[in-house]
Amino acid sequence: MQSFQLYERASTVPEKSYTRASWQAGYQSLKEEFDYWISDIEGEIPPELHGTLFRNGPGLLDINGQHIHHPFDGDGMISRVTFIDGRAHFSNRHIRTTAYLEEQKAGKILYRGVFGTQKPGGVLANAFDFRLKNIANTNVIYWGGKLLALWEAADPHRLDPYTLETLGTEHFNGVLSEGEAFSAHPRFDPSYGDSGMPRLVNFSIKPGLSTTITIFELNDKGEVVSKHPHSVPGFAFIHDFAITPNYCIFFQNPVTFNPLPFVLGMRGAGECIKFQPHQPTRIIIISRNPKQKEVQIIETQSGFVFHHANAFEMGDEVVVDSICYESLPEVEPESDFREVDFDALQPGQLWRFNLNLQQKTVQRKLLESQCCEFPTMHPQKVGRPYRYLYMGAAHASLGNAPLQAFLKVDLESGKRQLWSAAPHGFASEPIFVPCPGSEREDDGWIVGLVYNSTHHRSDVVILDAKDFERGAIAKLHLKHHVPYGLHGNFVSECFL
Ligand code: FE
């Protein structure tokens, strides 16, 4: 079976746009917590840029000097950048989860991590310890007046948006039970049904021999208005999904799970997942209408997807754009993520899948071959036909490498624009912020954190989304670095 991969290895290795040492330096813990107006600014912050960028990601890569095994096991830390009247303010806070407080007090690792972090003491100390550490490190959203830090395998943590203080776990008036999963990848439907009101759509995965996918919908007041479970055959490792006005779409990556090394204390649960290159990816389509119980499944080529860009309906078809990998890079217990050989791995690439729900067929095509991740777009285009997509990308057009650039793709004309921070800068997820009152889909700004290895500090970079070739409109130099993060969101409110 042919896989997703289309990139052909160059016969000569192109000169690298980065050094491993400069990339590695972005994976250091940030132990301090800051609160200050940013004064070191190149360029000018657009005065119309008003609101708050919240970001989440591992803030600690060690517990009192004991290294964690993978950044996904790092305790969550919120960064908040407030834009108001042409000025910007930064603050960050570690999320005081129960496990964070316990480990900080003990000064050592007390919990196993899903991605291979083990307690000191070897196999004997780790075997048969199945406690989950809800590290709240993957995403942060502001919805229905609540600021929530999300981690896909457990309940959200609620934070005070003004002080970033941790208030406890959130259960939406008892809709979630203690510890119940709530994915870190909700989608924001800008206009639900006849009401035209915004909705948050999210899911949870309960793995097993068969998998339960539960869909949640929350109204704009933050109340859960529907929660409906669906059973699908087989084990599933699903990080993200896509929505349209009528459907939720999941990619069930071809993987198997052997829990034994986890049970025996030899590996983290995430390290027991094995990619199956000869099995198909199963595309699962579930209606957003809770009364429609039927689950449609359409098979396509083997591959691995963490993130979807968007989906939309077109006649009998549902179109899904996703970042696909040839396989899941497996984490070895003895390996150090800082020593990863980028050249030995295949890049993530953007593919389009046209699903015909009547004929149960899939057509797919490569939209963007450059190594990319963290797709983002205009918030009003979620679930709708759209034209512009923004992503973190490698500097070079060929091969696999760390993200050093922001890439804009015009899906209509095929035109692409790249803004690169290479060789010393390393990019993260870009966020599109629409210009107030604008009509054009790309009238707005791209805001993202870029780690600058020369100064070991991070910059908040603002680009004109219409024209990357203008270069950065502003670079806001923080006083410190922010470790490479995962996801975040921009909201128009300010919380100073
Ligand atoms: Fe993600």
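The values are calculated or read from the model by the stated rules, or taken from the named source; none is laboratory data. Because the structure is predicted, anything quoted here is derived from the model rather than measured. For neighbour counting, all protein chains shown are included, and Cβ atoms are generated from backbone atoms with ideal geometry for every residue, glycine included.
At least 2 residues being among the β-branched types (Val, Ile, Thr) is the threshold, and among the strands (runs of 3 or more DSSP E) wholly inside the stretch 227-314 those reaching it are 255-257, 281-287, 295-300.
Checking the structure you have, find out if any residue of the stretch 385-400 is assigned to a loop (DSSP other than H, G, I, E, B), touching a Cys at 6+ places or on another chain (Cβ under 6 Å) and in contact (Cβ under 8 Å) with a residue 12 or more places away in the chain.
From the stretch 385-400, those assigned to a loop (DSSP other than H, G, I, E, B) are 385-387, 394-400; that's our starting set.
Restricting the remaining residues to those that are touching a Cys at 6+ places or on another chain (Cβ under 6 Å) gives 394, 400.
Filter again for in contact (Cβ under 8 Å) with a residue 12 or more places away in the chain, leaving 394, 400.
Yes: one or more hits.
Can you tell me which residue in the stretch 452-496 is farthest from the ligand (Cβ to nearest atom), limited to those that are of a type in the set (Phe, Trp, Tyr) and under 25 Å from Pro161 (Cβ atoms)? Selected residue: Phe495. Looking across the stretch 110-147, the residues that are within 15 Å of the ligand (Cβ to nearest atom) and of a type outside the set (Val, Ile, Thr) come down to Phe115, Ala136, Asn137, Asn139. Just the residues that are farther than 20 Å from Lys291 by Cα, acidic (Asp, Glu) and more than 16 Å from the ligand (Cβ to nearest atom), please, taken from the stretch 187-245. Matches in the stretch 187-245: Asp220 only.
Conditions tested, residue by residue: (1) surrounded by fewer than 20 Cβ atoms within 10 Å (Cβ to Cβ); (2) touching a strand residue (DSSP E or B) at 6+ places or on another chain (Cβ under 8 Å); (3) modelled with pLDDT of 95 or more.
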{"position": "Phe4", "(1), (2), (3)": "no, yes, no"}
{"position": "Val13", "(1), (2), (3)": "yes, no, no"}
{"position": "Lys16", "(1), (2), (3)": "yes, no, no"}
{"position": "Ile41", "(1), (2), (3)": "yes, yes, yes"}
{"position": "Thr52", "(1), (2), (3)": "no, yes, yes"}
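As a summary of the residue check, Glu178 satisfies the conditions (1) under 27 Å from Ile284 (Cα atoms); (2) away from the ligand (no atom under 16 Å from the Cβ) except for the one numbered (1). Within the stretch 341-350, the presence of a residue that is under 24 Å from Pro385 (Cα atoms) and modelled with pLDDT under 95 is excluded.
Using the structure shown, decide if Arg364 is at pLDDT 95 or above, touching a strand residue (DSSP E or B) at 6+ places or on another chain (Cβ under 6 Å) and assigned to a loop (DSSP other than H, G, I, E, B). If you could, list the steps in order and put the result at the bottom.
Working: at pLDDT 95 or above: yes; touching a strand residue (DSSP E or B) at 6+ places or on another chain (Cβ under 6 Å): yes; assigned to a loop (DSSP other than H, G, I, E, B): no.
No: the conditions fail for Arg364.
The listed residues are Gln292, Gln296, and the only one of them that is in contact with a strand residue (DSSP E or B) (Cβ under 7 Å, 6 or more places away or on another chain), surrounded by fewer than 21 Cβ atoms within 10 Å (Cβ to Cβ) and farther than 29 Å from Gly113 by Cβ turns out to be Gln296.
Under the condition of being in contact with a helix residue (DSSP H, G or I) (Cβ under 8 Å, 6 or more places away or on another chain) and among the charged types (D, E, K, R), which residue from the stretch 246-290 is nearest to the ligand (Cβ to nearest atom)? Of everything passing the filter in the stretch 246-290, Glu271 is nearest to the ligand (Cβ to nearest atom).
Out of Ser413, Ser369, Ser302, which single residue is more than 27 Å from Leu61 (Cβ to Cβ), modelled with pLDDT under 95 and surrounded by fewer than 23 Cβ atoms within 10 Å (Cβ to Cβ)? Exactly one residue qualifies, and that residue is Ser302.
Here is a check on your reading of the model: is Leu218 out of contact with any helix residue (DSSP H, G or I) (no Cβ under 9 Å at 6 or more places or on another chain), among the aliphatic types (A, V, I, L, M), crowded, with 21+ Cβ neighbours inside 10 Å and touching a residue at least 24 places away in the same chain (Cβ under 8 Å)?
It is true that Leu218 is out of contact with any helix residue (DSSP H, G or I) (no Cβ under 9 Å at 6 or more places or on another chain), among the aliphatic types (A, V, I, L, M), crowded, with 21+ Cβ neighbours inside 10 Å and touching a residue at least 24 places away in the same chain (Cβ under 8 Å).
Residue under question is Glu317, and the condition is that it be charged (D, E, K, R), surrounded by fewer than 19 Cβ atoms within 10 Å (Cβ to Cβ) and modelled with pLDDT under 95; does it hold? Considered against the rule, which asks whether it is charged (D, E, K, R), surrounded by fewer than 19 Cβ atoms within 10 Å (Cβ to Cβ) and modelled with pLDDT under 95, Glu317 comes out as no. Checked against the criterion of being within 21 Å of the chain's Cα centre (by Cα), part of a strand (DSSP E or B) and not hydroxyl-bearing (Ser, Thr, Tyr), the stretch 433-441 has at least one qualifying residue. Selection of first residues in the stretch 293-316 that are without any contact (Cβ under 8 Å) to a residue 24 or more places away in the chain and away from the ligand (no atom under 16 Å from the Cβ) and of second residues that are part of a strand (DSSP E or B) and of a type outside the set (D, E, K, R), restricted to Cβ pairs under 8 Å at least 6 apart or on distinct chains, gives the following pairs, ordered by first then second residue: Glu294/Ser287.
Only residues that are surrounded by fewer than 23 Cβ atoms within 10 Å (Cβ to Cβ), part of a strand (DSSP E or B) and not hydrophobic (A, V, I, L, M, F, W, C) were counted in the stretch 69-93, giving 6.
Examine the stretch 434-442 for a residue that is within 16 Å of the ligand (Cβ to nearest atom) and either farther than 20 Å from Ser29 by Cα or of a type in the set (A, V, I, L, M, F, W, C) (or both), and state whether such a residue exists. Steps first, answer last, please.
Within the stretch 434-442, the subset within 16 Å of the ligand (Cβ to nearest atom) is none.
No.
Selection within the stretch 329-361: residues that are in a strand (DSSP E or B) and more than 16 Å from the ligand (Cβ to nearest atom). The member of this set that is farthest from Pro434 (Cα to Cα) is Thr361. Filtered by the rule that a residue be in contact with a Gly (Cβ under 7 Å, 6 or more places away or on another chain) and basic (Lys, Arg), the stretch 20-76 gives a lone residue, Arg55. Given the structure, is Asp442 within 27 Å of Pro47 (Cβ to Cβ) and buried (at least 18 other Cβ atoms within 10 Å of the Cβ)? Spelling it out, Asp442 is indeed within 27 Å of Pro47 (Cβ to Cβ) and buried (at least 18 other Cβ atoms within 10 Å of the Cβ).
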